[in-house]
Amino acid sequence: MSPKINKLFLVLLVVLLSGCADSRTLERMGLITTRGYDLTEDKQILVTMVLLQIDPEAKEQTIALSATADTSKGARSKADLKSPKKLQSGQLRVALFSEEVVRAGLINLTDTLSRDPAISDLIYLGVVEGSTHELLTQKTEGISDTSQFIYKELDQNIKGEKIPSATMQEVMHDFYAPGVDPVMPTLKGGNGEITITGMALIKEDKMVGKINTQEAFYLKLINDRFEAGSIELSIDKSEFDIPDSEETPEKLTVVIDTITSYGDIDLINKNNLQFELKVKLKTRLLEINQAYDLKSPAKLEKLETKLCEKITSDLEALIEKARQTGADPFGFGEIYRKSVRGSNLTSAKWHKMYPESKVNVKVDLEILRTGVVE
């Protein structure tokens with residue numbers, strides 16, 4: 001046998017043997033896929049970890065371990081004492097925090113996660129309405145792996161452009177960047193379901209308010225370009241030529257999905273702190289709940305006008321709601337910092353300026369196709 005063939009044979013042998021070793025090693029590891037953080041009555045940290053079982057003989061696909069300590073690392077060490085397998089964080093996908101934790105202060109826990117080299121900075125962060133321990137340990141019919149269900153639920157709604165993304169990288173960036181505040185999705189368990197209820201607004205490192213899922217859609221509309229996503233909008237039908245009866249709904253409701261959208265923020269007055277927000281949408285009308293002649297150009301234009309007014313009003317209400325909490329998830333401060341030379345903007349300075357700011361909202365909506373309703 002030639003030397004080259006001998007070398008190739010040895011390489012293949014090493015690869016095959018290492019593969020067997022990896023398989024056996026995985027069976028000895030407790031792979032943490034989700035972590036939950038709660039506060040106890042004496043202000044300690046209760047950490048709940050969901051472990052993936054790499055064991056064909058295991059009765060359950062996952063198990064949950066909990067421990068309480070003054071620090072998250074301390075709780076992790078205590079949980080190790082309860083585990084038959086060495087706990088590993090390399091497969092962590094989601095970190096959840098109770099509202100109580102986030103209202104008390106988030107940065108110490110997220111900073112600890114971000115400093116762990118085994119944890120990807122692309123894990124999703126979320127806020128639980130209630131107890132993360134109860135959410136992660138609840139038995140939900142039809143859900144064999146709560147941890148994986150939550151990850152997939154967050155992933156598909158973020159990629160489907162229902163809510164803004166909140167990876168650890170994004171949250172930490174917005175926390176340290178002057179002029180913009182982070183947001184995190186909120187989740188709620190109960191009635192055999194786990195539901196995304198909206199987004200938590202964060203100022204500095206504390207939760208100061210919440211927005212619902214429709215407002216979360218508008219937030220993403222301002223901050224990102226859309227290529228998908230859909231929303232249901234209800235408008236007053238009194239100005240439309242629609243026969244009224246007891247059988248017809250009181251509101252004219254439509255469902256549009258966003259084919260393309262673009263949001264742009266400009267600083268138009270740095271002294272009086274005034275911004276202009278322009279949002280352009282080219283949409284498809286998927287559904288309408290009442291008989292309306294969409295083939296008439298005049299009637300379609302009227303519908304576009306009323307939808308523009310509705311979206312403008314909703315955006316103005318969202319901006320005012322966020323301003324009242326003191327959180328700036330839109331990044332108006334970043335626009336100010338980039339537009340004003342020598343501003344030396346800090347987060348503390350911007351949070352003092354932000355409540356006095358004004359925003360002019362302009363929406364341009366065009367319905368390109370009327371989709372399934374035709």
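V255 meets the conditions (1) touching a helix residue (DSSP H, G or I) at 6+ places or on another chain (Cβ under 8 Å); (2) more than 16 Å from R337 (Cα to Cα); (3) assigned to a strand (DSSP E or B) in every case but one. The failed one is (1).
S343: among the small types (G, A, S), in contact (Cβ under 8 Å) with a residue 60 or more places away in the chain and more than 17 Å from I265 (Cα to Cα), yes or no? Here the answer is no, as S343 does not meet what is asked. If we scan the stretch 236-246, do we find a residue that is in contact with a strand residue (DSSP E or B) (Cβ under 8 Å, 6 or more places away or on another chain) and either under 23 Å from G331 (Cβ atoms) or part of a strand (DSSP E or B) (or both)? Yes, the stretch 236-246 has at least one match.
Any residue at all in the stretch 358-373 that's closer than 27 Å to P164 by Cβ, more than 29 Å from the chain's Cα centre (by Cα) and charged (D, E, K, R)? For the stretch 358-373, residues closer than 27 Å to P164 by Cβ, more than 29 Å from the chain's Cα centre (by Cα) and charged (D, E, K, R): present.
Against the numbered list (1) assigned to a strand (DSSP E or B); (2) more than 24 Å from T197 (Cβ to Cβ); (3) open to solvent by 20 Å² or more (accessible area, probe 1.4 Å), E227 comes up short only at (1).
Residue count for the stretch 128-163 satisfying the condition of being in a helix (DSSP H, G or I) and closer than 16 Å to G36 by Cβ: 14.
Take the stretch 75-106 and flag every residue that is within 25 Å of S165 (Cα to Cα) and of a type in the set (A, V, I, L, M). Hits for the stretch 75-106 are L92, V94, A95, L96, V101, V102, A104, L106. When each of D80, D111 is tested for being open to solvent by less than 50 Å² (accessible area, probe 1.4 Å), within 24 Å of the chain's Cα centre (by Cα) and not polar (S, T, N, Q), the lone residue that passes is D111. Only one of the numbered conditions (1) in contact with a Leu (Cβ under 8 Å, 6 or more places away or on another chain); (2) closer than 24 Å to D205 by Cα is not met by S147, and that is (2). I'm trying to understand the selection: among the residues of the stretch 83-99, which are under 21 Å from L125 (Cβ atoms), open to solvent by 10 Å² or more (accessible area, probe 1.4 Å) and small (G, A, S)? Correct list: G90 only. Of all residues in the stretch 46-63, exactly one satisfies the criterion of being modelled with pLDDT of 90 or more and open to solvent by 20 Å² or more (accessible area, probe 1.4 Å), namely L46.
The values are calculated or read from the model by the stated rules, or taken from the named source; none is laboratory data. Keep in mind it's a predicted model, so treat the numbers as computed, not measured. Cβ: placed from backbone, ideal geometry, glycine included. Neighbour counts: every protein chain shown. Areas reflect the complete protein model, heavy atoms only, side chains present, ligands, DNA and RNA absent. Shrake-Rupley method; radii C 1.70, N 1.55, O 1.52, S 1.80 Å.
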